[in-house]
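Data block below; observations after.
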Amino acid sequence: MSESPERSPRTFDVLAIQDLLPHRYPILLVDRILDFEPGQWIRGVKNVTIGEQIFLGHFPKNPVFPGVLIVEAMAQTGGCLVLQTLADRHDKLIYFMAIDNVKFRKPVVPGDQLVMEVKVLTNRGKVAKLRGEAFVDGQKVAEAEFMSMLVDAPKSEAK
């Protein structure tokens, strides 16, 4: 997932992410997209801070960002990749269908910057299989494969 030397990175901020995904605080887990190649791969970032509600209980004296939220952050990053290529994206939602081969390698703690790299393994229209990896300071902390499905948004959620 390296950017081509002849082009600048394609980025978007949290407002553009909110235009793609229905998630909002406290479950929006992507702060910025650092780069992507349409239909192929994407790199996003989540800044993990002690002010997040999850740390009130996970765990008060030893705060650790939950692994399931790392997987969710990778899935949301992948959702941005899939949705940003659709002309009718405002009429669509993307849902998890399956999660496989999940591995957590190191804990993620407040102060860490979680970098998610997601690539498309297969894309068959409404169903995509993706592989995500999450890194902190260049070290892999988690990985997973997941499938997603595009569905029509309920009229109340269409933008």
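Quick note: the coordinates plus some simple rules give every number you see, no bench work behind them. Only a predicted model underlies this, so the values are computations on that prediction, with no experimental measurement involved. For neighbour counting, all protein chains shown are included, and Cβ atoms are generated from backbone atoms with ideal geometry for every residue, glycine included.
Report, to two decimal places, the Cα Rg of the range 1-145 normalised by 2.2 N^0.38 Å (N = number of residues).
Numbers: Rg = 14.9 Å, N = 145, 2.2 N^0.38 = 14.6 Å.
Normalised Rg, Cα atoms only: 1.02.
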* Structure fact -> Close lysine pairs (the range 36-159; alpha-carbon distance under 15 Å; 8 or more apart or on separate chains) counted at 7
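Kindly put 124, 105 in sequence by how many other C-beta atoms sit within 10 Å of each C-beta, fewest to most. Mind showing how you got there, number by number?
On the way: 124 7, 105 13.
Ordered by Cβ neighbours within 10 Å, fewest first: 124, 105.
Starting from the Cα-Cα distance between residue 15 and residue 122, subtract it from 0.36 nm times their residue separation and give me the gain in nm to one decimal.
On the way: separation 107, 0.36 × 107 = 38.52 nm, distance 2.79 nm.
Residue separation times 0.36 nm, minus the Cα-Cα distance, leaves 35.7 nm.
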* Go ahead and run the numbers for FRET between residue 113 and residue 25, Cβ-Cβ distance against an R0 of 22 Å, rounding to 0.05. => 0.75
* Asked: Sorted by packing (mean other beta-carbon atoms within 10 Å per residue), highest first, where do 38-44, 145-151, 54-60 land?
  -> 38-44, 145-151, 54-60
* Select from 142, 128, 98 the residue whose mean-square fluctuation is largest in a Gaussian network model of the chain (Cα-Cα springs shorter than 10 Å). => 98
* Structure fact -> Listing 126, 155 by rising number of other beta-carbon atoms within 10 angstrom, fewest first, gives 155, 126
* Asked: Nearest 10 degrees, 0 to 90: what angle lies between the long axis of helix 67-83 and the longest principal axis of the chain (Cα atoms)?
  -> 20
